[in-house]
1. For the range B:109-121, enumerate the residues that are touching a residue at least 40 places away in the same chain (Cβ under 8 Å) and either closer than 15 Å to B:L10 by Cα or basic (K, R) (or both).
2. Any residue at all in the range A:222-244 that is modelled with pLDDT of 95 or more, away from chain B (no Cβ under 14 Å) and more than 19 Å from A:L128 (Cα to Cα)?
3. Consider the range A:38-60. How many of its residues are more than 7 Å from chain B (Cβ to nearest Cβ) and aliphatic (A, V, I, L, M)?
4. So A:I15 fits all but one of (1) open to solvent by less than 20 Å² (accessible area, probe 1.4 Å); (2) modelled with pLDDT of 95 or more; (3) more than 10 Å from chain B (Cβ to nearest Cβ); what number is the exception?
5. Specify the residue that is surrounded by the fewest Cβ atoms within 10 Å (Cβ to Cβ); the eligible residues are those in the range A:158-196 that are among the hydroxyl-bearing types (S, T, Y) and either at pLDDT 95 or above or not in a helix (DSSP H, G or I) (or both).
6. Among the residues of the range B:119-138, is there at least one that is within 14 Å of the chain's Cα centre (by Cα), open to solvent by 60 Å² or more (accessible area, probe 1.4 Å) and either at pLDDT 95 or above or among the aromatic types (F, W, Y) (or both)?
7. A:A120: open to solvent by less than 10 Å² (accessible area, probe 1.4 Å), within 14 Å of another protein chain (Cβ to nearest Cβ) and modelled with pLDDT of 95 or more, yes or no?
8. If you take just the helices (runs of 4 or more DSSP H) that sit entirely in the range B:1-96, which of them hold at least 2 residues that are of a type in the set (D, E, K, R) and away from every other protein chain (no Cβ under 14 Å)?
Amino acid sequence: MDTTKNLEEIFQSKIDHEIKIEPKDWMPDAYRKTLIRQISQHAHSEIVGMLPEGNWITRTPSLRRKVALLAKIQDEAGHGLYLYSAAETLGITRDQLLDELHTGKAKYSSIFNYPALTWADMGSVGWLVDGAAIMNQVMLCRTSYGPYARAMVRICKEESFHHRQGFEILLTLSQGTEAQKKMCQESINRWWKPALMMFGPPDEQSSNTEMSMKWKIKRETNDELRQRFVDVAAEQVKFLNMTLPDVVWNESTGHYDFGALDWDHFWNVVKGNGPCNKQRLDARIKAHENGAWVREAALAFAEKQKIRQQSQVKTA
Amino acid sequence: MTFYDYIIRLADNNLILGHRLSEWCGHGPFLEQDMAMTNISLDLIGQSRSMYALAAEINSKGESEDDIAFLRLEHEYQNLLLVEQPNGDFAHTVLRQLFFASFQLPLYQAMLQKLQGMTEEHFVTLRGILEKAVMEVTYHKRWSSEWVIRLGDGTAESHSRMVTAVNELYRYYGEAFISDAVDDAAVSEGYGVRPEELKAEADQYIDDIFRQANLNIPVDTYMQRGGKQGVHSEYMGYLLSELQYMQRAYPNASW
């Protein structure tokens, strides 16, 4: 009992002194669990997040856009890989993590349960969805768990590139034909509020925030991040000559108000009732199941090669 | 115009195969291979872009790479039937890649030899494109060879899937090595390669890989042909419908 208390004190003191926690360090079970939940959720979001954009790969309007979109989605696969590896340092395997995704036990960001309906959505996803994600992720570069923080540094660099790329897609549309401008505004309208809800429920309803702040897994609250995102986006949208629905400058607070968010709908999407929850999960399960024979064959072949090499060594 | 036609053919193969591979993105058998297929797709589409841009430049009709890539009719695309075949399962995809890379790599290498010492600007540009592409295609060939061997010599299931893929795709392997008037003209202009001259090397390579993979080359196969002359399989129209959708729905817009 005393030893545990002592370990906990050492742990909290490292956190308080901004010393990273590393895989072999002692950590409270709840810290480990919280991190596995959060990192795996993040990894799954990268992988499921490949699907809505993947929906446009074969229909990009130019070759330059095709190459950029493919490269972007490939980056997301890479992010998924680093994050699964970071989670594995906490004592869970990639197979277990995938299993939790496929059985619905693990969550991923609900934003990817919305459909990508127009080419402009490739811009909105980059500008708003990646933009909202970056707000969270920049904070995570300083998170207390070493492997996660280091993975996030690399991820953030690529994400900010995606963010600019998305904005540039919209900027091109905003300077184009009437049909393109309309496509641009319609897409922004559709993604805006779901993007705001990416920061999670309001602070007073967020069950995980308090402990995560104490452990410096999170370093800012949902509401703080959300407001900062709104204030930045409200300025950026001016360059597009477009508008953000329900966003108004509030002289007295010095911030932009963004109107009411429909949290009932948010929780419905989290629970599986979003427009694409079923399609996204089905697509992941299908890819995994269709790939089973390939993974088995690769293992069987590697095993055969090992035996062949061993018998070669013996005969030599 | 021969040079233009010859380059367009090379580019069309790259575009259409790159497009097919891009359909795998997000759906691969596991993450590492999902990324590998996207890489190859990016290489091929990248090659097609450089080649279309070069073709547009020598044609000097003010077309862009996208005009050529997106705005032709089906019969104007001159890619091989092989590259437009659907992805099928992973066995089909890796075999299609092996067949194509076994043709493309020696073709590029032979072209580079012919282009050596040619000083006209478009030849110099093409040489630059091919020098970079050779490095990429060397990897595509190695990647696909390793997978054909691994799957052919893996489990009973992966072997039987490879056999099915061979039986379905081998008939599209041969078209690459049948020359026509465009090839003949390009040969006589000095930069073109007679594809028949590449066949022995490619056959031998495939033979070697198949032996390691416990696979047999089907006997008495009639090689399907037509893509090079614009007579495609029924799959092609659907592929182009997706590829061209935005350009057709919103003509004359910038993206």
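1. Within the range B:109-121, B:A110, B:M111, B:K114 qualify.
2. Within the range A:222-244 (the criterion being modelled with pLDDT of 95 or more, away from chain B (no Cβ under 14 Å) and more than 19 Å from A:L128 (Cα to Cα)), the answer is no, since none of the residues qualifies.
3. Residues flagged as more than 7 Å from chain B (Cβ to nearest Cβ) and aliphatic (A, V, I, L, M) within the range A:38-60 amount to 4.
4. (2)
5. Here the residue is A:T177.
6. Yes: the range B:119-138 contains one or more residues that are within 14 Å of the chain's Cα centre (by Cα), open to solvent by 60 Å² or more (accessible area, probe 1.4 Å) and either at pLDDT 95 or above or among the aromatic types (F, W, Y) (or both).
7. On the way: open to solvent by less than 10 Å² (accessible area, probe 1.4 Å): yes; within 14 Å of another protein chain (Cβ to nearest Cβ): yes; modelled with pLDDT of 95 or more: yes.
Answer is yes for this residue.
8. Filter on the range B:1-96 gives B:2-22.
The values are calculated or read from the model by the stated rules, or taken from the named source; none is laboratory data. Keep in mind that what you see is a predicted model, and the values were worked out from it rather than measured. Every residue, glycine among them, receives a Cβ derived from its backbone with ideal geometry; neighbour counts consider all protein chains shown. Note: areas computed on protein heavy atoms with side chains; ligands, DNA, RNA excluded. Shrake-Rupley method; radii C 1.70, N 1.55, O 1.52, S 1.80 Å.
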